[in-house]
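Trainee: Here's a structure for you.
The values are calculated or read from the model by the stated rules, or taken from the named source; none is laboratory data. Just so it is clear, the structure is predicted and the values come from calculations on it, not from any experiment. Glycine gets a Cβ as well: all are built from the backbone with ideal geometry, and neighbour counts include every protein chain shown. The area values use the complete protein model at the heavy-atom level, side chains included, leaving out ligands, DNA and RNA. Shrake-Rupley method; radii C 1.70, N 1.55, O 1.52, S 1.80 Å.
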Amino acid sequence: MKNQKMWKNLVIGLCLSALTGCSAGADEKTEGGEMYGTEYQSGVFDDEEMDAEENVSTENEDNSLPDGNGTNGVDTAQEKQKNTTADDAAGKVDANSLYTSATLTGSVVEFSDGSCTVSADVTEDDGETIVSAAPGYESEDTNVVVTYEEGCVVQIATIYTTAEIAELEQASVSDIKKQASVIIYGSYTDTHHVSADRIIICHRTA
């Protein structure tokens with residue numbers, strides 16, 4: 001009887017020991033699993049942070065200006081357009097506008113490679129009428145020597161008097177001939193001398 005009780009107690013003790021060992025192993029596995037999960041999640045978070053930083057860097061690069069002087073292509077294109085003067089343009093314009101800012105109008109009396117002498121038109125009726133001297137009746141009092149500045153623009157304007165439209169085309173100093181009607185742009189150096197930066201040779205037609 002005593003032997004049976006001893007074996008029974010021994011069996012119960014072994015079972016309790018086995019159960020205690022299993023419980024400890026399960027706890028270790030659980031702790032190990034939680035640790036692995038924490039480390040994995042931390043690694044994912046770090047990758048997301050790196051991706052976010054790369055995106056911010058890319059956005060900053062995309063927002064940078066295309067050239068080093070702080071202007072973009074559209075501003076550069078607009079600046080170049082402003083530097084293109086109307087003096088160099090060819091096309092149809094209002095004929096009256098050609099006379100608005102003219103320094104001198106008249107007809108050529110003499111010409112050379114570097115200058116020409118122009119019989120200046122005279123205005124009458126408070127500027128309403130422009131009178132040109134007839135060929136051979138030019139006066140020294142109204143003649144003006146026009147010198148060509150370097151890069152002087154020369155154009156031919158075909159003026160349609162009925163429509164008051166002028167059609168411009170490029171020309172050269174060699175196109176300036178005697179008796180040609182001209183519009184001069186520039187500045188007076190004295191009463192009888194003008195330095196010209198633009199000359200328009202007028203051809204009038206109905």
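Trainee: Give the long-range amide H neighbours of GLU110: residues separated by 5 or more places, or on another chain, with amide H under 5 Å away, using H modelled in the peptide plane at 1.01 Å from N.
Mentor: Excluding prolines and chain starts, which carry no amide H, the hits are THR117.
Trainee: Further question: Which ³J(HN,Hα) values, rounded to whole Hz and listed in residue order, are derived for the range 175-186 from phi using the Karplus coefficients 6.51, -1.76 and 1.60 in 6.51 cos²θ - 1.76 cosθ + 1.60 with θ = phi - 60°, glycine and proline given as x?
Mentor: Karplus-based 3J(HN,Hα) across the range 175-186 equals 7, 7, 10, 4, 6, 5, 7, 10, 10, 10, 10, x Hz.
Trainee: Tally Lys/Arg at +1 and Asp/Glu at -1 over every other residue whose Cβ is under 13 Å from the Cβ of SER119; what's the total? Walk me through the intermediate numbers first.
Mentor: Values: positive: LYS178; negative: GLU110, ASP121, GLU138, GLU140, ASP141.
Net local charge, SER119 excluded: -4.
Trainee: Which whole-number value in Å² is the accessible area per residue of the range 149-206, probe 1.4 Å? Walk me through the numbers before you get to the answer.
Mentor: Details: 3010 Å² over 58 residues.
Computed with neighbouring chains in place, this is 52 Å² per residue.
Trainee: Hey, another quick one. Could you give me the ³J(HN,Hα) list for the range 191-203, computed from phi with Karplus coefficients 6.51, -1.76, 1.60 and θ = phi - 60°, whole Hz, x at Gly and Pro?
Mentor: Calculated HN-Hα couplings, in order: 4, 10, 9, 10, 9, 9, 10, 7, 10, 10, 8, 9, 10 Hz.
Trainee: Here is a follow-up. Can you give me the convex hull volume of the Cα atoms of the range 148-199, divided per residue and expressed in Å³? Walk me through the numbers before you get to the answer.
Mentor: On the way: hull volume 5.1 nm³, N = 52.
Cα-based convex hull of the range 148-199, divided per residue, equals 98 Å³.
Trainee: Using the Cβ atoms and a cut-off under 12 Å, what net charge is assigned to the surroundings of TYR148, where Lys and Arg are +1 and Asp and Glu are -1? Display every interim value, and only then the final one.
Mentor: Details: positive: ARG198; negative: ASP113, GLU149, GLU150, ASP197.
Result for the local shell: -3.
Trainee: For the range 110-177, list log₁₀ I(q)/I(0) at each q in 0.17, 0.27, 0.28 Å⁻¹, using the Debye formula over Cα point scatterers of equal strength and ignoring solvent, two decimals each.
Mentor: Debye intensities relative to I(0), on a log10 scale: -0.87, -1.14, -1.14.
Trainee: List, in order, the whole-Hz ³J(HN,Hα) value for each residue of the range 135-142 obtained from phi through the Karplus relation with A = 6.51, B = -1.76, C = 1.60 and θ = phi - 60°; use x for Gly and Pro.
Mentor: Calculated HN-Hα couplings, in order: x, x, 10, 5, 10, 4, 5, 10 Hz.
Trainee: With every protein chain in place, what's the accessible area of CYS116 (1.4 Å probe, Å², nearest 10)?
Mentor: Roughly 0 Å² of CYS116 is accessible to a 1.4 Å probe.
Trainee: Net charge within 13 Å of TYR160 by Cβ-Cβ distance, Lys/Arg positive one each and Asp/Glu negative one each, not counting TYR160 itself?
Mentor: On the way: positive: LYS92, ARG204; negative: ASP94, GLU164, GLU167.
Once positives and negatives cancel, what remains is -1.
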